Amino acid sequence: MTGGVGGYPDARGRFGAFGGRYVPETLMGALKRLESEAREALADASFLARLDAELDRWVGRPSPLTPAPRLSAAWGVEVLLKREDLNHTGAHKINNALGQALLAQKMGAKRIVAETGAGQHGVASAAACARLGMGCRVYMGAVDVERQAPNVARMKLFGAEVVPVTAGDATLRAAIDEAMRDWVSDPLGTFYLLGSAVGPHPYPWLVRELQSVIGREARQQALATTGRLPDVVVACVGGGSNAIGAFAPFVEDDAVALLGVEAGGSGPGLGQHAATIVHGRPGVLHGTYSQLLQDEHGQIHETHSVSAGLDYPGVGPEHAHLAATGRATYTAATDTEALDALEEVARMEGILVALETAHAFAGARVWAAANPGKTVLICVSGRGDKDLGILQSVGRAG
Amino acid sequence: MSAARLEAAIRNPRGGHGIALMPYLTAGYPEREGFPELLARVGAIADAIEIGVPFTDPMADGTTIQETSRRALENGVTLPWILDTVKHTETPAACVLMSYFNPLLAYGLERLVVDAADAGVCGFIVPDLPLEEAGPFRELCEAQGLALVMLVTPVTAPERLKRVCAASSGFVYAVTVTGVTGTSADPAQLVAYLTRLRAVTNLPVCAGFGIRSREDVARLEGVAHGAIVGTAMLDALRDGRDPVRFLESLRS
């Protein structure tokens, strides 16, 4: 199981200038142990066989690659959809949550804590922990608890304890702060099941490895379906876990463009969006050196996005590196563009995508207009059932 | 040599006391306007002062410092303002800035060490800058004679403890619990831990996290060179108690 991304990260957890391990001393031992146990597990045939069996029979992998003929005709390109929305629990998050939960079990962890934004990682973690018979506590910003109520109910049904976080901006960033504080209190007995390709080393690497199943399958399926590789792979980017999972197996295919689409929110001003690579500057947050939305004094800025899952002021360090080297391109789609794209995909292909995913479609649409006749592979990171309340409140669902 | 001044202040507590007292103040809390006066009053009794640079995401801190940081940011506190305040406040106490790494990075590390030395700051404590990432900033601090104080914890492995202590300057900051600031320590294990620590370093050792009372301070005498009082100091300020009288109450 390798991502095969140009040898990154290096031994210090760096992707070029980005990454590293900026954490309190209390966590250093736990991170080193996690790294060595994860390396061992991901090279261990019996661990991988167990993971693959669960991905196959419980998650429902492989997910299909669905041609989108009506969207293709409308956009003037060939659109292929990698259907992570069809996974158990409804998003790509389960690939990572299941892998880390199996690792936690192998390491003998007494308890699992996780953070969640849109609730998809929380639901995936809660489900994986239930499947493995382990307890799970999920920290979730109070604002997100409100706007993603169905996911809160699902987590509770799976037996997880959901802790609303009122500190800070009460969204994903505050939930990560609180999950890290919990972990600092018991670094040896607690396993922190981090949901995106962010945080201190080894998380960005570990999450990429567990999510790379997306790109590996898609690459094979594209070759089998069309006889060639796609011209571009498109994914939405908040922290960037579905994107890095989709991109990694294509990084060394020089002819395949990689396009990440961030949340452009309501506009380009600070506080109006969550487009970290497009508008950010380098800095350290949540244990990693990456692009950040911050003011001139290094204070982390509040973000806005209609999609809770992209509402984060940082981004995975590997994305910062791929942007810096020019290997991948990052753009932003506004709330309105994402909502328009969501409606278009629903009406044209009968697929209700998540608000996060809708950003990828909005970005892909722009790329398609400039590249007629090409093949566009879009990662459908999740399904939109959880977003019905928001869609109704903005007048998009009757 | 500011690092040397810091070390000397901790080794030789004023008033002949057996242990140095190092309160923590969040810069600009409870008020921005009154902070220079607060700094001067606290500095008249403390041996050293940790001045907290507020940050929006203090992941190693408990609810008290989260709240004081939020208030300070609302009060418009910035790192340039803090340096200016330290520069223009007369105090015999050695001042150390405690900051998460990002506000320092945003200021610019090269410029920061020059301006900090000019302001009379003795050094830095950076809770999210562990040994592996500290090298470049340590070199910059050393070039200006500033201390970069490293933190160790009860779960730091013995071999690592030596390396972290060897990289520290000014003093070694002994976190006394695994947890966030403001939680309490187990007294029995505390003495063993601090004794183990003193055996591997020639620097003074200051204990922090969970020190709230005269008894807590007295327990550290003879096993640590300094007692860091953070959450309890801020609680006193929040409750409107007199900071000088509170600090005096910690002395036997």
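Applying a threshold of 7 Å to beta carbon distances and a minimum spacing of six or more residues, or different chains, the list of pairs starting in region B:201-221 at a residue that is open to solvent by less than 30 Å² (accessible area, probe 1.4 Å) and ending at one that is of a type in the set (Lys, Arg) and outside any loop (DSSP other than H, G, I, E, B) reads B:Pro204/B:Arg11; B:Val205/B:Arg198. Given the conditions (1) in contact with a strand residue (DSSP E or B) (Cβ under 6 Å, 6 or more places away or on another chain); (2) touching a residue at least 24 places away in the same chain (Cβ under 8 Å); (3) open to solvent by 10 Å² or more (accessible area, probe 1.4 Å), and given that A:Val145 satisfies all but one, which numbered condition is not satisfied? Of (1) in contact with a strand residue (DSSP E or B) (Cβ under 6 Å, 6 or more places away or on another chain); (2) touching a residue at least 24 places away in the same chain (Cβ under 8 Å); (3) open to solvent by 10 Å² or more (accessible area, probe 1.4 Å), only one is false for A:Val145: (2).
Residues of region A:11-63 that are touching a Phe, Trp or Tyr at 6+ places or on another chain (Cβ under 6 Å) and either over 22 Å from A:Glu318 (Cβ atoms) or of a type in the set (Gly, Ala, Ser) (or both): A:Gly20, A:Ala41. Would it be correct to say that B:Ala134 is surrounded by fewer than 23 Cβ atoms within 10 Å (Cβ to Cβ), closer than 30 Å to A:His201 by Cα and at the interface with chain A (Cβ under 9 Å from one of its Cβ atoms)? So B:Ala134 fails the test. Every condition in (1) open to solvent by 10 Å² or more (accessible area, probe 1.4 Å); (2) touching a Leu at 6+ places or on another chain (Cβ under 7 Å) holds for A:Val79 except the one numbered (1). Scanning region A:364-374 for residues that are closer than 24 Å to A:Asp387 by Cβ and open to solvent by 10 Å² or more (accessible area, probe 1.4 Å) returns A:Arg365, A:Val366, A:Trp367.
Do you know which of the residues in region A:267-307 that are of a type in the set (S, T, N, Q) and within 15 Å of A:Ala323 (Cβ to Cβ) is most open to solvent (accessible area, probe 1.4 Å)?
A:Gln291
From the list A:Glu54, A:Glu40, A:Glu25, the one residue that fits, being open to solvent by 10 Å² or more (accessible area, probe 1.4 Å) and within 14 Å of chain B (Cβ to nearest Cβ), is A:Glu25. Residues in region B:82-118 that are surrounded by fewer than 22 Cβ atoms within 10 Å (Cβ to Cβ) and polar (S, T, N, Q) were compared, and the one that is nearest to the other protein chains (Cβ to nearest Cβ) is B:Thr85. Scanning region A:90-110 for residues being open to solvent by 10 Å² or more (accessible area, probe 1.4 Å) and touching a helix residue (DSSP H, G or I) at 6+ places or on another chain (Cβ under 9 Å) gives a total of 6. Beta carbons closer than 6 Å, at least 6 apart along the sequence or on distinct chains, pair a first residue in region A:171-190 that is facing chain B (nearest Cβ under 10 Å) with a second that is assigned to a helix (DSSP H, G or I) and crowded, with 24+ Cβ neighbours inside 10 Å for A:Val184/A:Thr26; A:Pro187/A:Thr26; A:Pro187/A:Leu27.
All conditions but one from (1) within 14 Å of chain B (Cβ to nearest Cβ); (2) open to solvent by 70 Å² or more (accessible area, probe 1.4 Å) apply to A:Lys156; the one that does not is (1).
Restricting the search to region A:35-82, which residues are assigned to a strand (DSSP E or B) and of a type outside the set (A, V, I, L, M)? Correct list: A:Thr66, A:Pro67, A:Glu78, A:Lys82. Residues that are modelled with pLDDT of 95 or more and buried (at least 22 other Cβ atoms within 10 Å of the Cβ) within region B:57-78 comprise B:Thr68, B:Ser69, B:Ala72, B:Val77, B:Thr78, listed in sequence order.
The values are calculated or read from the model by the stated rules, or taken from the named source; none is laboratory data. Bear in mind the structure is a predicted one, so any value in this text is a computation, not a measurement. Ideal geometry is used to build each Cβ from the backbone, glycine not excepted, and the neighbour counts take in all protein chains shown. Remember, those area values only see protein heavy atoms, side chains included, never the ligands or the DNA or RNA. Shrake-Rupley method; radii C 1.70, N 1.55, O 1.52, S 1.80 Å.
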